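To start, the structure under review is shown below, and the notes come after it.
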Amino acid sequence: MSERVLVTGGAGFIGRFVVAELLRRGDRVRVLDSLIPQVHGQVDGSALLSPEAELIRADVRDAAAVARALDGVDSVIHLAAEVGVGQSMYEVERYTSTNDVGTAVLWEQLIDRPVRRVVTASSMSIYGEGLYRDADGRAVEDADRPNLRDGLSQWEPVDGQGRPLTPLPTPEWKRPALSSIYALNKFVQERTTHIMGAPYGIESVCLRLFNVYGPGQALSNPYTGVLAIFASRLLNGQRPMIFEDGEQRRDFVHVTDVARAFADALVKPEAVGGTFNIGSGQDRSVREVGIALARAMGKNDIEPEIVGKARIGDIRHCFCDTTLARDALGFTVRQDFGAGLSELAGWVAQQTATDNVAAARAELDARGLVA
């Protein structure tokens, strides 16, 4: 049965694919988005969406606009957020206001305008370091790298005896380790969604997204996904800048798979009250991903620049255990990573992008956020 769905942040990179997926399934979609230049550039917002979607251009913190957007709505997908670990560490008020206060405003308006279900976008960043196993075979949830501030190059976490830890796929039961303001924001959004849903009879679901990639990312935003940042550098003939030694491992999931996950989370009875990882279940080093993207873009002569320093708030390894999402949502990835990179490369070749990565790096350096 089709519904009227409000998608906050629906004109963003992930949001546009979510909107398209909902429309494909026969839902009617309304979008609330502020269309900030850092994400969207100087573009007419109506051009970013299917003409079948209704667009309300407003900030999620604007209570009157949120009330108007909720009028006649059956369910909500809440994507509106400031995104980026590094920038969150110095634009603290902006991130906290948009992400935490914006979510609070949405839920205050939902008290008088209840919907069937709210699905909120969270992030793998709330885990901090992923799950590890120590030399004795025990699970380690609180791996740490205390030497980063000392400028030492011991990138891998170790146990109390200095023995190396083995990274494992990270499941939802791992305790949060909030190492950035962005991670804190996303955890607050999660808890707000679950805390507010039950007493007001609104079903709640949260999806912890791993590294989402695909065509349509904001190439000129130096705080967006790592593949978009690399693509912008390569498009401008610059070397992708990789912190530490490049061997940190991540999980990359295509945006079309993520869009399906949101659409399914909106209707699956098994999802109610749950928080689910959404990733590919495959881990890759950041360095190998940078090389693979360069090849896909025909830039074989451009090697990544290994910085040899760490950003404060960054983690070493975190990749996805997809078991819970598979069992409850029926979620599996359909997009092959190599094919997805080729698609991204083809799209990037038709774009222009301002390379703002060096300026962003200088900003972090100036604030003491690079060790």
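If I filter segment 270-282 for residues that are part of a loop (DSSP other than H, G, I, E, B), open to solvent by 50 Å² or more (accessible area, probe 1.4 Å) and among the charged types (D, E, K, R), do I get at least one hit? Within segment 270-282, not a single residue is part of a loop (DSSP other than H, G, I, E, B), open to solvent by 50 Å² or more (accessible area, probe 1.4 Å) and among the charged types (D, E, K, R). Residues in segment 187-201 that are in a helix (DSSP H, G or I) and open to solvent by 10 Å² or more (accessible area, probe 1.4 Å): 187, 188, 191, 192, 194, 195, 196, 198, 199, 200. Pairing each residue of segment 333-354 that is modelled with pLDDT of 85 or more and among the acidic types (Asp, Glu) with any residue that is buried (at least 16 other Cβ atoms within 10 Å of the Cβ) and not in a helix (DSSP H, G or I), provided the two are 6+ apart or on different chains, yields C-beta distances under 7 Å for 343/215.
Checking 203, 190 one by one, the residue that is under 16 Å from residue 275 (Cβ atoms), of a type in the set (Asp, Glu) and under 17 Å from the mean Cα position of the chain (by Cα) is 190 and no other.
Here's the yes/no breakdown for (1) under 21 Å from residue 123 (Cα atoms); (2) in a loop (DSSP other than H, G, I, E, B); (3) touching a residue at least 12 places away in the same chain (Cβ under 8 Å); (4) touching a Leu at 6+ places or on another chain (Cβ under 7 Å):
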{"site": "227", "(1), (2), (3), (4)": "yes, no, yes, yes"}
{"site": "231", "(1), (2), (3), (4)": "no, no, yes, yes"}
{"site": "234", "(1), (2), (3), (4)": "no, no, yes, yes"}
{"site": "239", "(1), (2), (3), (4)": "no, yes, yes, no"}
{"site": "246", "(1), (2), (3), (4)": "no, yes, yes, no"}
{"site": "260", "(1), (2), (3), (4)": "yes, no, yes, no"}
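May I ask you to verify whether residue 183 is closer than 20 Å to residue 98 by Cα and crowded, with 18+ Cβ neighbours inside 10 Å? So residue 183 fits the description; yes.
For segment 114-148, name all the residues that are without any contact (Cβ under 8 Å) to a residue 12 or more places away in the chain and in contact with a Ser or Thr (Cβ under 9 Å, 6 or more places away or on another chain). 147, the sole residue that qualifies. Of the strands (runs of 3 or more DSSP E) lying entirely inside segment 4-85, those containing at least 1 residues that are at pLDDT 95 or above and open to solvent by 10 Å² or more (accessible area, probe 1.4 Å) span 4-8, 28-33, 54-57.
For segment 230-243, give me each residue that is in contact with a strand residue (DSSP E or B) (Cβ under 8 Å, 6 or more places away or on another chain) and open to solvent by less than 10 Å² (accessible area, probe 1.4 Å).
Correct list: 240, 242.
From the list 167, 171, 157, the lone residue that is open to solvent by 30 Å² or more (accessible area, probe 1.4 Å) and more than 25 Å from residue 36 (Cβ to Cβ) is 167.
For residue 204, only one of the following conditions fails: (1) under 25 Å from residue 283 (Cα atoms); (2) touching a strand residue (DSSP E or B) at 6+ places or on another chain (Cβ under 9 Å); (3) open to solvent by less than 20 Å² (accessible area, probe 1.4 Å). What is its number? Unmet for residue 204, out of (1) under 25 Å from residue 283 (Cα atoms); (2) touching a strand residue (DSSP E or B) at 6+ places or on another chain (Cβ under 9 Å); (3) open to solvent by less than 20 Å² (accessible area, probe 1.4 Å): (1).
Evaluated against (1) within 25 Å of residue 191 (Cβ to Cβ); (2) assigned to a helix (DSSP H, G or I); (3) open to solvent by 50 Å² or more (accessible area, probe 1.4 Å); (4) at pLDDT below 95, residue 144 falls short on exactly one condition, (2).
Looking at this structure, is residue 212 within 22 Å of residue 266 (Cα to Cα), in contact with a strand residue (DSSP E or B) (Cβ under 9 Å, 6 or more places away or on another chain) and aliphatic (A, V, I, L, M)? Yes, satisfied.
Test each condition in (1) within 15 Å of residue 83 (Cα to Cα); (2) of a type in the set (Val, Ile, Thr); (3) crowded, with 22+ Cβ neighbours inside 10 Å for residue 226 and report the one that comes out false. Result: residue 226 passes all but (3).
Taking the stated definitions as given, is residue 303 in contact (Cβ under 8 Å) with a residue 60 or more places away in the chain, of a type in the set (Asp, Glu), part of a loop (DSSP other than H, G, I, E, B) and within 26 Å of residue 174 (Cα to Cα)?
In short, no.
If you check residue 324 against the conditions, is it modelled with pLDDT under 90 and in a helix (DSSP H, G or I)?
So residue 324 does not fit the description; no.
The values are calculated or read from the model by the stated rules, or taken from the named source; none is laboratory data. None of these values were measured; they are calculated from a predicted model. Note: ideal-geometry Cβ built from the backbone for every residue, glycine included; neighbour counts use all protein chains shown. Areas reflect the complete protein model, heavy atoms only, side chains present, ligands, DNA and RNA absent. Shrake-Rupley method; radii C 1.70, N 1.55, O 1.52, S 1.80 Å.
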